[in-house]
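The values are calculated or read from the model by the stated rules, or taken from the named source; none is laboratory data. In this text, all values refer to a predicted model and were calculated from it rather than measured experimentally. Reconstructed Cβ throughout: ideal geometry from the backbone, glycine too, with neighbour counts over all protein chains shown. Protein only, heavy atoms only, side chains kept; ligands, DNA and RNA dropped before computing areas. Shrake-Rupley method; radii C 1.70, N 1.55, O 1.52, S 1.80 Å.
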Amino acid sequence: MSRFSRIEVAMAMKKTGLVPVFYHADIEVCKKIVKSCYDGGVRVFEFTNRGDFAHEVFGELNKYCREHLPEMILGVGSVIDAGTTSLYLQLGANFIVSPVLKEEMAKVCNRRKVAWSPGCGSLTEIGLAEELGAEVVKIFPGSQVGGPSFVKAVKGPFPWCSIMPTGGVEPTDENLKAWFQAGVICVGMGSKLLTSDIVKEEKYEQLTNKVAGTLEIIKKYQ
């Protein structure tokens, strides 16, 4: 079962402001990436459900985090149905992120009191997600949905919304300033942060420094 409550997950997202998003079929690569992000200050990490046997990789990665990175809140993204949700909850996922809004996924997570962040692209979907118990709502793909201006518009009638954009978020001062000043609680970041050269060339120290620098930028605008 999950080690962190859904409220703890939401608070950690808000405190750090950054959720790295990553998948690799090699468990050793995953361990090094997560460790590098942890050393840089990250405390919430989204493992992406992609590729054959992804759940087996996650299971081993979660065991590694429990033993070696005790403060890391490890969750799973790109989950699109209730069955897969249940599978990952059995492996101890601390939160579930989806690119879509599925009511049956909410029921599975709520039954276990596990955080659930569905992907939304409209105010109506955001409102429904919150009615279904989502504490933090994902907008995806962030830039295509409307970018920071969309978030700012949503926060007008829905000032209580906790929004996490994923897709189109970059680890630059200009980009992060725009998102956080628009009112996001945190940002999800994949290939813009965890670039292919870092993974292929094993530039783990560089990744740690990059993560730390990104968090410093975020702190300026939270």
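Our Cα-only numbers for the chain put the radius of gyration and Dmax at 16.0, 46 Å.
Over what distance in Å are the Cα centres of the range 154-222 and the range 28-50 separated? Their Cα centres are 15 Å away from one another. Taking a ≥ b ≥ c as the square roots of the eigenvalues of the alpha carbon gyration tensor, the range 6-103 is oblate, as a/c is not under 1.5 and a/b does not beat b/c. Over the chain, accessible surface divided per residue gives 45 Å², non-protein components excluded, 1.4 Å probe.
In the range 1-124, taking the dipole from charged Cβ atoms about the Cα centre, the farthest positive-side position among F53, I80, A12 is held by A12.
Backbone phi angles across the range 178-193, fed through the Karplus curve with coefficients 6.51, -1.76 and 1.60 (θ = phi - 60°), yield HN-Hα couplings of 4, 5, 6, 6, 6, x, 6, 8, 6, 10, x, 9, x, 5, 6, 9 Hz in residue order; Gly and Pro are listed as x. Extension gain for the segment D197 to N209, taken as residue separation times 0.36 nm less the Cα-Cα distance, is 2.8 nm to one decimal. From Cα pairs below 8 angstrom and at least 6 apart in sequence, can you work out the relative contact order of the chain, rounded to a whole percent? Relative contact order comes out at 23 percent. Expressed as a whole percent, the accessible area of the chain that falls on carbon and sulfur atoms is 51 (1.4 Å probe).
Rounded to the nearest 20 debye, the dipole size of the chain about its Cα centre is 560 debye, using +1 on the Cβ of Lys and Arg and -1 on the Cβ of Asp and Glu.
Which pairs, out of K113/K203; K15/K152; K102/K210; K15/K210; K107/K155; K113/K220, put more than 30 Å between their alpha-carbon atoms? Over 30 Å Cα-Cα: K113/K203; K102/K210; K113/K220.
A straight line joining the Cα centroids of the range 125-148 and the range 96-110 runs 12 Å.
Between N110 and Y221, the distance separating the two model label sites (each 7 Å from Cα on the Cα→Cβ line) works out to 3.4 nm.
Charging the Cβ of each Asp and Glu at -1 and of each Lys and Arg at +1, and nothing else, the dipole of the range 76-158 about its Cα centre rounds to 180 debye. Shape class of the range 104-207 from the Cα gyration tensor (axes a ≥ b ≥ c, square roots of the eigenvalues): oblate, since a/c reaches 1.5 or more and a/b does not exceed b/c. Between the listed residues Q181, P171, I217, the Cα displaced farthest toward the positive end of the dipole of the range 141-222, a dipole computed from Cβ unit charges relative to the Cα centre, is found at Q181. When all alpha carbon pairs of the range 17-67 are counted in 10 Å bins from zero, the resulting P(r) reads 27, 60, 14, 0 %.
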